[in-house]
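Nothing in this text is a laboratory measurement; each read-out follows from the coordinates by a stated rule. Note that this is a predicted model, so its numbers are computed, not measured. Backbone-built Cβ (ideal geometry, glycine too); neighbour counts: all protein chains shown.
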Amino acid sequence: MPANFPTNPTVNQTYTYAGVSWFWTGSRWQVGLGTVLIGATGATGVGATGIQGNIGATGSTGIQGNVGLTGSIGITGATGLTGSTGIAGTPGVVGATGSAGIAGTPGATGLTGATGAAGTNASVYNTPANTTGYFALPVGTTAQRPVSPANGYARLNSETQYFEVYYNGGWANSFSLGFVAATGGAITTVGNYRIHTFTSSGSFTVTNTSPTANAVEVLIVGGGGSAAVDVGGGGGAGGFLYYSNVGVTVTAYGITIGAGAASNTNSGANGSAGNGNQGSSSSAFGYTAYGGGGGGNYNTSAPSGTFGSGGGGGSWAGSGAAGTAGQGYSGGNGVAPSAPYGAGGGGGAGGAGPSGSGSTGGGGGVGAQNPIAGSVSGQLVSGTYYLAGGGAGGGDNGASGGSGGGGASSPRVPSGVAGTAGTANTGGGGGGSGSRAVSAQGGSGIVIIRYKYQ
């Protein structure tokens, strides 16, 4: 007898038929779990089920299986042949690029790496410098040159002011850096200028010049003359020469410093035997400043000659000697052919020696101001340095030497007292002596050179 399933079943409602339990799923009746199917029963629906298998994957056919028990039990039909692959569809349009995502938070700074090994010196050659800038060369003094140079080494020497190149065992000067450079004498630096002061003979050696820097400023002062003995005239100052622009080349120039005139030791001598002596000349760059003339003995005129400045005449109406124009002035005259005593002062570079007056000797002729800016050579008077002052003449009363190193005179009494010597390296003349005294010597000369070095 056929199964008589309940109508309007509820979900999970069961029904047993022919020993098989069924339950309602809500849409169909389903064989319960654990039910033992009887093979003979399945044979009843084989035909219909087999045809259904031929339909294959049609979904609606599967619903039919819910009605007959047979579908679950019947032998599955053979799988149909796989159909050929369909033609691939046209690729879809690429979607628009999405907007950029928000930037992430920066990561922490990494640890500093270890210091790399020192690099080797780069060699620059066969390389054009396509720039309007500069190429930095090493700069240093002569002592700072490389210890083991090789041919082709090049540098700027700050001491000699030359661009120099090493070749075949030596450094060769290539070209000047633009300023005068030199050695010799005592060197001082004032601002952008160097001053070479020679107080003794030597050499001024120029090591560098250029087309725009090849001249120096020069002052030359000769040695001063000595005074006469025994109330005599004062010694004349050494010649004074100044040149603001003397051309120089790279060479050595000899510098001669004139000595001050020696003292006359013939105390008490009469006539010319008691005259003072002439100082020695100073010279540089072919220019000569003559030595100062000696003073005249008490009863004698000053000796004549070629002097920077002339000596003063003796106290008994002796005449002073003339100086050389452009270098100095003449000495003063003595007072009268008898007492009182007053000899003439020696001439200075800045003015003539005064004549004796009454019982007082004439003072020394004034010297000239040192024209070399920054130089401190000479006698400092009211903030200014003077050179080449004349020595004062002897007399009953002493007198002052001329500004610029001129010596003062001693009074006639007490006897045997010499006047003051001219100051060294000023070219000052010696001062007149007292009665029966030796004469005072003159001061030595000086040469001063100045130039711009940077």
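Ranked by the mean number of other Cβ atoms within 10 Å per residue, highest first, peptides 188-195, 235-242, 5-12 order as 235-242, 188-195, 5-12. Along its principal axes, the stretch 125-245 has C-alpha extents of 84, 32, 22 angstrom, given from the largest down. Per-residue extension of 0.36 nm, minus the Cα-Cα distance of VAL20 and SER174, leaves a gain of 42.9 nm for this segment. Plainly put, the stretch 336-424 has a radius of gyration that is 1.07 times its Kirkwood radius, both from alpha-carbon atoms, as the Rg/Rh ratio. Three principal axis extents describe the C-alpha atoms of the stretch 175-316; from largest down they are 65, 25, 21 Å.
Grab the eigenvalues of the alpha-carbon gyration tensor for the stretch 263-353, scale each by 5, take roots, and send me the semi-axes largest first in whole angstrom.
Working: eigenvalues 120, 40, 11 Å².
Square roots of five times the eigenvalues give 25, 14, 8 Å.
Computed packing ranks the peptides 382-393, 162-173, 308-319, 220-231 as 220-231, 308-319, 382-393, 162-173, most packed first, by mean other Cβ atoms within 10 Å. Computed with the Debye formula from one identical point scatterer per Cα of the stretch 179-454, without solvent, the log10 of I(q)/I(0) at q = 0.15 Å⁻¹ comes to -0.81. What the Kirkwood sum gives for the stretch 187-244 is a hydrodynamic radius of 14.8 Å, with every pair of different alpha carbons counted.
In the stretch 154-203, the inverse of the mean reciprocal separation of distinct Cα atoms equals 12.8 Å; this is its Kirkwood hydrodynamic radius.
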